[in-house]
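Working notes, beginning with the structure itself.
The values are calculated or read from the model by the stated rules, or taken from the named source; none is laboratory data. Note that this is a predicted model, so its numbers are computed, not measured. All Cβ positions, even for glycine, are placed from backbone atoms using ideal geometry, and neighbour counts span all protein chains on display.
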Amino acid sequence: MLEYSSGQIAYLTKVRTVEIRTAPIPPIGGKDVLVRVRRVGICGSDISYFTKGYTGVGAIKFPHVMGHELSGDIVATGDLVSHLAVGDRVVVEPGYSCGQCEHCLTGRYNLCTHMSFMSSAVAKEYKQGALAEFCVRPSHLVFKLPPEVSYDQGALMEPLSVAMHAVQRSGLLSGQSAAVLGSGPIAACILMVLISQGIIDVTMTDLVRQRLDFMTTVGAKRVLDVAELTPDQLQKAVLEQSVDAVFDTTCNEKAVNTGLVWLKKGGTLVLVGVPDHDYMLDLRTIFNKELTIRSSFRYANTFPRIIPLVASGVLKPERLISHRFPFNRVQEAFDLSAQKTGGVMKVLIEI
Ligand SMILES: [Zn+2]
Ligand SMILES: [Zn+2]
């Protein structure tokens with residue numbers, strides 16, 4: 001254990017400033033493993049912390065360690081760990097739930113009252129984010145990667161899990177239709193998971209042509225450039241293409257209300273994007289069409305389902321990677337991500 005006494009960690013010391021420092025590695029409990037982190041994906045929530053210091057979930061205290069999309073190698077295990085060994089390549093599920101509250105006991109552990117999610121502003125235990133050489137994690141949240149799955153793909157299991165949960169929440173059946181509002185990385189993951197589940201009639205929207213072109217290559221049946229359409233054209237396009245479910249990743253009032261018009265009677269709106277403000281929904285449309293509105297908060301029990309889909313090539317999340325940076329250029333990686341330009345999809349840090 002002595003060879004792993006300290007490691008480098010990237011701290012967000014104030015808004016838009018990341019500093020790499022050396023810090024001691026915390027002790028490893030009997031059921032924990034020590035992971036040498038290899039890849040970390042930058043998520044929308046990390047970008048919110050970087051640019052504003054908060055998300056819809058809460059505000060962070062500085063210094064803060066971001067990152068919750070990670071893969072790596074096991075370099076040490078606690079005495080009670082038997083299913084993982086030093087040298088295993090792994091992906092980490094970042095949410096640590098209590099296992100004892102009503103929600104945990106009914107299988108919806110994403111709603112755990114005592115959740116400690118890596119890097120979250122409100123986490124208590126195991127809260128350090130992934131942007132570090134090493135992290136200590138409870139072993140039951142660490143999954144071995146099959147040999148055919150790369151570290152890159154491993155780091156993208158988390159956003160795919162968000163997408164898998166959202167698709168489950170929609171209740172969609174194979175052969176039904178969907179629209180996804182927004183075309184960022186989570187939207188792209190939703191598109192991939194929808195197709196993998198036999199929902200191939202999928203419309204994507206965005207304001208950025210470059211992102212829509214990418215969605216076409218991923219398999220979107222139609223793309224709608226909402227920046228180019230007049231309100232009348234949009235309304236017409238919407239009415240012509242009614243769908244069974246709409247997934248919102250934008251938290252944009254106008255977009256979501258357009259999505260309501262877009263839904264078939266009896267359809268379902270799934271809220272996936274994390275809102276950091278309240279907005280108005282068109283209740284008359286919701287009422288008249290007997291629509292169902294569901295939110296989709298993180299995920300539960302999705303990693304074991306995503307891993308084989310990636311291993312078999314059904315899901316190809318590596319297509320999302322638009323940029324990669326070494327750990328010592330983490331500041332640049334965040335500066336780029338924060339620009340939110342069309343060419344930036346998923347940014348990976350190599351550690
Ligand atoms: Zn994320
Ligand atoms: Zn719980």
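Structure data summary
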item	result
Tally of residues being surrounded by 14 or more Cβ atoms within 10 Å (Cβ to Cβ) and not aliphatic (A, V, I, L, M) across the range 1-15	4
Residues that are within 13 Å of ligand 1 (Cβ to nearest atom) and surrounded by fewer than 20 Cβ atoms within 10 Å (Cβ to Cβ), drawn from the range 57-83	VAL57
Of all residues making up the range 240-280, the number that are closer than 15 Å to LEU173 by Cα and of a type in the set (D, E, K, R)	2
Test: residue in the range 219-226 that is at positive phi and either of a type in the set (Asp, Glu) or assigned to a loop (DSSP other than H, G, I, E, B) (or both)	yes
Residue that is nearest to HIS140 (Cα to Cα) [pool: residues in the range 303-318 that are surrounded by fewer than 22 Cβ atoms within 10 Å (Cβ to Cβ) and touching a Ser or Thr at 6+ places or on another chain (Cβ under 8 Å)]	PHE303
ASN328 assigned by TED's automatic domain parsing to the domain that holds ARG21 and in contact (Cβ under 8 Å) with a residue 60 or more places away in the chain	yes
Verdict on ARG38 being away from ligand 2 (no atom under 16 Å from the Cβ), modelled with pLDDT of 95 or more, of a type in the set (Lys, Arg) and surrounded by 14 or more Cβ atoms within 10 Å (Cβ to Cβ)	yes
Selected residue (only one of LYS52, LYS14, LYS61, LYS31 is more than 16 Å from ligand 2 (Cβ to nearest atom), basic (Lys, Arg) and in contact with a helix residue (DSSP H, G or I) (Cβ under 9 Å, 6 or more places away or on another chain))	LYS31
Leading residue by the ranking (nearest to ligand 2 (Cβ to nearest atom)) among those in the range 159-181 that are surrounded by fewer than 24 Cβ atoms within 10 Å (Cβ to Cβ) and among the small types (Gly, Ala, Ser)	GLY171
Residues located in the range 319-328, provided they are crowded, with 16+ Cβ neighbours inside 10 Å and assigned to a helix (DSSP H, G or I)	LEU320, PHE327
Leading residue by the ranking (farthest from the chain's Cα centre (by Cα)) among those in the range 293-351 that are closer than 12 Å to LEU160 by Cβ and among the hydrophobic types (A, V, I, L, M, F, W, C)	VAL314
Strands (runs of 3 or more DSSP E) lying entirely in the range 131-182 (those with 3 or more residues that are of a type outside the set (Phe, Trp, Tyr) and more than 30 Å from SER5 (Cα to Cα))	177-181
PHE214 being among the aromatic types (Phe, Trp, Tyr), out of contact with any Lys or Arg (no Cβ under 6 Å at 6 or more places or on another chain) and within 16 Å of ligand 1 (Cβ to nearest atom)	no
Residue pairs meeting the criteria (Cβ under 7 Å; at least 6 apart or on separate chains; first in a strand (DSSP E or B), in the range 18-38; second of a type in the set (Lys, Arg) and surrounded by 18 or more Cβ atoms within 10 Å (Cβ to Cβ))	ASP32/ARG137; VAL33/ARG137; VAL35/ARG137
Number of positions in the range 45-100 that are charged (D, E, K, R) and either at pLDDT below 95 or part of a helix (DSSP H, G or I) (or both)	3
Residues (under 21 Å from VAL162 (Cβ atoms) and touching a residue at least 60 places away in the same chain (Cβ under 8 Å)) located in the range 84-116	VAL90, VAL91, GLU93, PRO94, GLY95, GLY107, ARG108, TYR109, ASN110, LEU111
Criterion violated by LEU111 - all others in (1) closer than 18 Å to LYS31 by Cβ; (2) within 16 Å of ligand 2 (Cβ to nearest atom); (3) surrounded by fewer than 18 Cβ atoms within 10 Å (Cβ to Cβ) satisfied	(1)
Candidate set from the range 214-235 (those that are under 18 Å from LEU263 (Cα atoms) and among the hydrophobic types (A, V, I, L, M, F, W, C)); member that is surrounded by the most Cβ atoms within 10 Å (Cβ to Cβ)	ALA220
